[in-house]
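Notes follow once the structure below has been shown.
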Amino acid sequence: MKPQILIDTAPIPGSTDELHLLDCGDKFVIKLSDGRGGELMSSRMHGSEDALGKLPCRKIAERKGALALIGGLGMGFTLAAALGELQEDAQLVVAELVPGVVRWNQGPLGEKAGYPLEDPRASVHEGDVMELMRNSAGSFDAIMLDVDNGPSGLTHLDNSLLYNAAGVRCALDALRPAGVLAYWSAGPDERFSNRLLAMGIAMEELQVYAHGKKGTRHTIWMVRKNDGNK
Ligand SMILES: C[S@@+](CC[C@H](N)C(=O)[O-])C[C@H]1O[C@@H](n2cnc3c(N)ncnc32)[C@H](O)[C@@H]1O
């Protein structure tokens, strides 16, 4: 096993935990310092993070001056994939709760996703994506949320607000007409799927490979506003 070198730590606002950035030789890893040693992300596997950026943006790519929002910068793979789908006149805001993560992406970690923050269409909002959506009714053509492991097994308890009925409603409200909302999760979550159905929301639920064309798959839910979804 390659040695893991701790490069930096970053406090998580509103929490006593922090994030750790580790250099493992052939990959970077972000871990949570909560004693459980939980890996939040590795730069080796990003197939589903790429899909989260691509699939919703493909649906809105033809719009003039499209405005998209990503919740959670992480290692920047979703951002890079989304930028790859959008036109020159598009704008993409990334809301990131942990300022240290933004700094890491501006440094050596940024190379893994091709330094997407340097794209003139990209900008960072340092703060909670939920708060930004609450203050942005009718603003975005696409919203892509990957702030945690998914609706269950959360690393930040406050993030449960994003997945409950009020959170889903808040995200839909932040969309322009016919906008697209997408959620990433480490796996299927029947309670969340049923919650969307109980809210009368028509959605696509996709299982996407984490890496390559076999092995672990992650879940993406996609909802289009006004497909019966207000
Ligand atoms: C799993 S990573 C995202 C990975 C990303 N999709 C990528 O391509 O690398 C989750 C990110 O969301 C951030 N985050 C967690 N809660 C958040 C919140 N409420 N608002 C904004 N960012 C948040 C974390 O600090 C972390 O950087």
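Data table
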quantity	calculated
Length-normalised contact order of the range 45-224 in % [C-alpha pairs under 8 Å, at least 6 apart]	24
Portion, in percent, of the accessible area of the chain that falls on carbon or sulfur, probe 1.4 Å	50
Per-peptide average of other Cβ atoms within 10 Å, ordering 210-218, 165-173, 13-21 highest first	165-173, 13-21, 210-218
Share antiparallel - DSSP beta bridges, the range 45-224, percent rounded to 5	40
Gyration tensor (Cα) of the range 132-230, equivalent ellipsoid semi-axes in angstrom	22, 15, 13
Relative contact order (percent, whole number), the range 136-230, Cα cutoff 8 Å, 6+ residue spacing	31
Positive-end extreme of charge dipole, the chain - chosen from VAL147, PRO56, CYS24 (charges on Cβ)	PRO56
Residue-span extension gain [ASP173 to SER123] - 0.36 nm each, minus C-alpha spacing	15.8 nm
The range 2-137, relative contact order [Cα under 8 Å, separation at least 6], %	19
Two-decimal Rg/Rh across the range 1-114, once Rg and the Kirkwood Rh are taken from alpha-carbon atoms	1.01
Simple Cβ-charge dipole of the chain, Lys/Arg +1 and Asp/Glu -1, about Cα centre, in debye nearest 20	680
Rg and Dmax [Cα atoms of the chain; Å; Rg one decimal, Dmax integer]	16.7, 52
Cut-off 12 Å between beta-carbons: net charge of the residues surrounding ASP146, Lys and Arg +1, Asp and Glu -1	-4
Ellipticity estimate at 222 nm from DSSP helix runs (n ≥ 4, -39,500 (n - 2.57)) divided over the chain, nearest 500	-7000 deg cm²/dmol
Simple spin-label estimate for THR16 and SER160 in nanometres, 7 Å along Cα-Cβ	1.9
Potential lengthening between ASP8 and GLN207 on full extension [0.36 nm per residue; Cα-Cα distance subtracted]	68.3 nm
Accessible area per residue, Å², the range 2-63 with all protein chains present, probe 1.4 Å	51
Summed residue charge, Cβ within 15 Å of GLU126's Cβ, Lys/Arg positive, Asp/Glu negative	-2
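The values are calculated or read from the model by the stated rules, or taken from the named source; none is laboratory data. Every value quoted in this text rests on a predicted model; they were computed, and no experiment measured them. Neighbour counts run over all protein chains shown; Cβ positions are idealised from the backbone, glycine included. Side chains are part of the model used for accessible areas, which takes the heavy atoms of the whole protein and leaves out ligands, DNA and RNA. Shrake-Rupley method; radii C 1.70, N 1.55, O 1.52, S 1.80 Å.
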